[in-house]
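Participant: The structure's right below; bear with me while I get my questions together.
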Amino acid sequence: MTSLYDEFRVALHSVWTRRWLVLAVAWGICILGWLAIASIPNRYDSRARLLVDVNEILPDDAQIGGGRPQLDQIRETLTSARNMEKVAATTGLLPAGANEREKAGAVGMLQKSIKVIPQQDNIFEITSSIAVGSLSDADNAKLASGVLDSLITVFRDDQLRGGRMNAREGLKFLDAQIADREKALREVEARRGAFEAQNIGLIPGGSGSPAQRVDAARAELGQIDSQLVSAQAQLAAANGQLASTPATINIPGMGSVGGGVARQQLAGAQNELSSMRARGLTDAHPDVIALKSQIASLKAMADREGAGGGGGGNSQNPAYASLSAMRAERQATVSALSSRKAQLTGDIARITSQQIQNPGIAAEYDRINGEYTAFKAQYDKLLAQREQVRMRGEVQTETDAIKIELLDPPSKPTSPAAPNRPLFLTLVLLAGIGGGVGAAFGLAQVRTSYATAAKLERASGLPVIGSITEVVTPDRHLDRRKKLVWLMSGGGALVGLYALLLVVEFIQRGMVA
């Protein structure tokens, strides 16, 4: 502990013996630091808050740039180069007749100085930070709020004009796009018509491409197959019921009337057989075989009617007649389904064969159809968008699409936001004193001297017999007192200059307020 105390005394002595160096370094550092701080212009901040209300009258699917994307666009529009140039001209930052370089400089300075911070929902906080070195503090403070006033005015004027202008410009753009799509659509239609005319024998009729028509035919064929199986089952059931039902019934007391009922049924059956053969049914067909068996039975009954009967007669069975009509109807259904199946099978085979023989033509036709479909979809979409834009324009004509309300007007700054001069002046003073002390201590380490006998003994390794105390004469004592007064005057002047700078800083702030 004693050794540490001795080291401190030695260090303090080395600094005190070089006290004039401490004062000189402190003055140099403080003067340079304070001059640097004085060259930094004061920055004044002004803040304002805006409420931007988007008038969403139309439903969501008919909004043209509304909602959240439009609020983001508003935030970007606030600090656009066009608006910044207008603000610079209004506030006097941009003199009349300025060249492009000056305009770009003023716009760049404002874009860096103005910050737009979105808050909750559609509320924006706008901040302007102005620090122009060529202007006084009062002018900078006035300019900070003036920039926001001008920016809000320019933005309001643009929104009043821009809502209607955007609708008209949107309509013009969409009209041009619709005209281009319509022209392209007509060209594709002409190419498709020419292609169909050149390959009329290779492109089947009907709507859609060959591949689409084949898929449609196969789907219909699958439905017909299921319907045909059901119809054939129903016909087979009708044939079974008809075979087990007698054609006539015997009614006592009745004789043969009108040439006999059996002969009439026989004639009907023979006519039906002729109809089946006309439809292409062979003798091996189950329906033809059943009908032939029925005809043979009817012939036998007709022969018996011709021989004459006793006291009774045969009459036509109503149930048999009803089943015959049902069977005929089901036969017609089976025939129609079979014919349609044969037609679809032939169409599929013909289209498939054409695609195999001419694959390039089918692919080209599909490509042209796909191109036409794409252009048609784009054309319809543009027409719908144009109608939406027209409706939006009509809404904006009668009501403002965007309403701007000033929640907090631009604040009037009374003190600079930066730099914090009192703090910086104090830090420079402390840095000057610390730099002077450090310089004196460092010089003492370079120029080695021994302030105590013990230090000399440790450094040399030899015993020190004794030391001689300094004797100060009266003249020497008086000279030291004078130098001490000068030292204190120099230090006091440094502190006084620091206090003067603080007073000037606060006076300037009071003048701005």
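The values are calculated or read from the model by the stated rules, or taken from the named source; none is laboratory data. Note that the structure is predicted; figures quoted are calculated from it, not measured. With ideal geometry, Cβ positions are generated from the backbone for all residues, glycine too; neighbour counts draw on all protein chains shown. All accessible areas refer to the heavy atoms of the entire protein, side chains included, with ligands and DNA or RNA removed. Shrake-Rupley method; radii C 1.70, N 1.55, O 1.52, S 1.80 Å.
Residue by residue, here is whether (1) at pLDDT below 85; (2) among the acidic types (Asp, Glu); (3) open to solvent by less than 60 Å² (accessible area, probe 1.4 Å); (4) within 29 Å of PRO410 (Cα to Cα) holds:
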{"residue": "ALA141", "(1), (2), (3), (4)": "no, no, yes, yes"}
{"residue": "LEU148", "(1), (2), (3), (4)": "no, no, yes, yes"}
{"residue": "LEU151", "(1), (2), (3), (4)": "no, no, yes, yes"}
{"residue": "ARG156", "(1), (2), (3), (4)": "yes, no, no, yes"}
{"residue": "LEU160", "(1), (2), (3), (4)": "yes, no, no, yes"}
{"residue": "ARG168", "(1), (2), (3), (4)": "yes, no, no, no"}
{"residue": "ILE178", "(1), (2), (3), (4)": "no, no, yes, no"}
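Participant: Can I ask one more? Might you check whether a residue that is out of contact with any strand residue (DSSP E or B) (no Cβ under 7 Å at 6 or more places or on another chain) and at pLDDT below 85 occurs anywhere in the range 425-440?
Facilitator: No, that holds for no residue.
Participant: Now, a different point. Could you check the range 409-426 and list, in sequence order, the residues that are touching a residue at least 40 places away in the same chain (Cβ under 8 Å), open to solvent by 70 Å² or more (accessible area, probe 1.4 Å) and not in a loop (DSSP other than H, G, I, E, B)? It would help to see each step written out before you state the result.
Facilitator: Filtering the range 409-426 for residues touching a residue at least 40 places away in the same chain (Cβ under 8 Å) gives 409-419, 421-422, 424-426.
Going one step further and asking which of them are open to solvent by 70 Å² or more (accessible area, probe 1.4 Å), we end up with 409, 412, 414, 424.
Result: PHE424, single match.
Participant: Could you please find all residues in the range 96-112 being under 22 Å from ASP157 (Cβ atoms) and open to solvent by 60 Å² or more (accessible area, probe 1.4 Å)?
Facilitator: Those that are under 22 Å from ASP157 (Cβ atoms) and open to solvent by 60 Å² or more (accessible area, probe 1.4 Å): ALA96, GLN111.
Participant: I would also like to ask the following. Across the range 302-342, what is the total count of residues that are modelled with pLDDT of 65 or more and part of a helix (DSSP H, G or I)?
Facilitator: Residues that pass the stated criteria total 28.
Participant: Here's another thing I want to ask about it. Looking only at residues that are open to solvent by 100 Å² or more (accessible area, probe 1.4 Å) and within 17 Å of TRP27 (Cα to Cα) in the range 462-499, which one is farthest from the chain's Cα centre (by Cα)?
Facilitator: Per the stated criteria, the residue is TRP486.
Participant: Further, regarding this structure: For the range 1-33, which residues satisfy the criterion of being more than 26 Å from LEU484 (Cα to Cα) and not polar (S, T, N, Q)?
Facilitator: If the condition is that a residue be more than 26 Å from LEU484 (Cα to Cα) and not polar (S, T, N, Q), then MET1, LEU4, GLY33 are the ones that fit.
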